[in-house]
Each structure stands twice: as structure tokens, then as C-alpha cells.
1. Anyone know which of P192, P227, P83 comes out most mobile in the 10 Å Cα GNM of the chain?
2. Only four residue types carry charge here, +1 at the Cβ of Lys and Arg and -1 at the Cβ of Asp and Glu. Report the dipole size of the range 130-251 about the Cα centre in Debye, rounded to the nearest 20.
3. The range 189-203 to the range 129-176: how many Å between their Cα centroids?
4. Could you give the dipole magnitude of the range 151-222 about its Cα centre, charging the beta-carbon of Lys and Arg +1 and that of Asp and Glu -1, in debye to the nearest 20?
5. With +1 on the Cβ of every Lys and Arg and -1 on the Cβ of every Asp and Glu, and nothing else charged, how large is the dipole of the chain about its Cα centre, in debye rounded to the nearest 20?
6. For M1, M91, give me the order by solvent-accessible area with a 1.4 Å probe, most accessible first, ignoring ligands, DNA and RNA.
7. If you count the DSSP beta bridges with both ends in the chain, what percent of them are antiparallel, to the nearest 5?
8. If you project the alpha carbons of the range 180-251 onto their three principal axes, what span does each projection cover, largest first, in Å?
Amino acid sequence: MFKNLWNNSNKEISYNINKDCVPNHIAIIMDGNGRWATERTLPRSAGHRAGVEALRDVIKTASNIGVKYLTLYAFSTENWKRPESEVSLLMKLLIEYLRKEVKELHKNNVRINVIGDIKQFQDEVIEEVNKAINKTKNNTGLCVSIALNYGGRLEIVNAIKHIAENSKNGAIEIEDINESLVSSFLYTKNIPDPELLIRTSGEIRISNFLLWQCAYSEFWFTDIYWPDFTGEHLIKAISDYQNRSRRFGGI
Ligand code: FPP
């Protein structure tokens, strides 16, 4: 039984998963907003709006079952290739989402974090993101990292540049470069690697998401489009994860 920590309710909720081995960190590639809309003869914007709605139930469920970190792929470095109107809409939805939801998230002890390079975004987006980060920075519950202008290869390239600079000025010796040092130069430096990566919409690839961090993650793919993804699907993914044997290269 899990405590429903939201809405100040002490109601217990029952899920068919083992409470003692819930993944600490779940990463999600939220895909299929466009196809969800097209299948309903709606504009793609309706799919993105429905995608934002889906976030609420998933975050709440993750928080209730004690997931510590949830990382959401909201805007990749490749997403700039989309029509300008769609990029603007995604930015607008992000601002609307933060303005509407941060109060409730804060009340429920959720910490908001961003991974990626948001410097390229408009001031209004940067301001809203920083407000959300600052307001929730002392929260101790679920940490929701929103990946914005994020690319796994770029993240690794940037880490290499920083390590090389530090090596050149003598702050880092070549012998000191190891996996944990590289990890400490990534956006996720204070976050453990995800045990579970979920991708919706039937696509079976990683699309430049958390390339370093997913070295040993379990992958869970579903045909469900992101707007239809709910807390129950999250539980199903965790249940499947709990039935896998993770050997990390051992036997
Ligand atoms: C993939 O669907 C989804 C995205 C590129 C954006 C994900 C964004 C949201 C769920 C909303 C904004 C996020 C926040 C955190 C407020 P797609 O457009 O690639 O779908 P398709 O492959 O079916 O075309």
C-alpha cells in the first residue's frame, strides 16, 4: 500500500508493485503528441496540449509511490527543426504549465529542475523556468527534471570541453579522469542514473536522450501515445521493470 501524499489525503492506494524496489529515477521520452492529434483530425497543437495534461497524473503517481527523480524529455536540441509556429507553441505551453502548476507542485514538495541549455530561449521562458526552480529548490520530494534544449551528445561534448579546460590549467590531472568525474560535468551531476527509461508512441530508439546516463537503464517501450499515458501505465512499466533481472554485465 502506498500513501496518497497529494490533496492532504491519508487514503492508501494499492498498486501491484513492490514498494521496496521502486526505481529511484525514471526518465520518459514523451512521444506521439502529433500522431494522437492527427488520428483525431485535430491540429498538432491539440496533441501538445493533451500532452501537457498527461503530465499531471504521471507526476502525481510517481510522487505517491516514492520515485525520487523523474526526467522528462520536453524539447530536444533537434526540435528547433520544427516549424517556428510549433516551437513557439511548445514554449507557450511550457510557460502556461509552469504558471498553472508550480503552486500545486510546490505544495506537494516537488522540486523542479531543468537539464539542457536554456540560454537560447526567450527571456520570458527563462524567467518562468528560473522562478519555478527557485520557488521549489528546497523541496525534498520528487525532483522533476524537464529536459529543455537538451541533447545527449552535446551534453557530453560540453563536458569534454570543460574537462579539457580544467586539464589545461592544471586543475585536473589526466589520471583523475574517470567515469565519476565525467558524470560530475554533466547536467545530471547531482542525479543518479535512471534505472528505467520509458518511451511512448511505438518508437524504439533513444533519440539523443541521456546517452551517458542510460548505459545500464532498463528500457520500456509502449505503443500508447503520450497524451493517453497515465499513472496506471507508469505502474505497469514499473511492474515489468521489477520482473527483470539486472546484471550490469555480471551473471
Ligand atoms: C513529442 O511528440 C513531444 C514533444 C516534442 C514535446 C513534448 C512536450 C510536451 C508533452 C508538452 C510540453 C512540456 C512541458 C513540460 C510543459 P511529437 O510532436 O514528436 O509527436 P509525433 O511524433 O506523433 O509527431
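The values are calculated or read from the model by the stated rules, or taken from the named source; none is laboratory data. All of these numbers come straight from a predicted model, not from anything done at the bench. We place every Cβ from the backbone using ideal geometry, glycine too, and count neighbours over all the protein chains shown. Just so you know, the surface numbers come from the protein's heavy atoms only, side chains and all, with ligands and any DNA or RNA stripped out. Shrake-Rupley method; radii C 1.70, N 1.55, O 1.52, S 1.80 Å.
1. Its mean-square fluctuation being the largest, the pick is P83.
2. With Lys and Arg at +1 and Asp and Glu at -1, about 320 debye.
3. 17 Å
4. Dipole of the range 151-222, to the nearest 20 debye: 340 debye.
5. Numbers: 32 positive and 31 negative charges, 119 e Å.
With only Lys, Arg, Asp and Glu charged at Cβ, the dipole is about 580 debye.
6. Working: M1 120, M91 25 Å².
Ranking M1, M91 by accessible area, largest first, yields M1, M91.
7. 5 percent
8. 39, 30, 20
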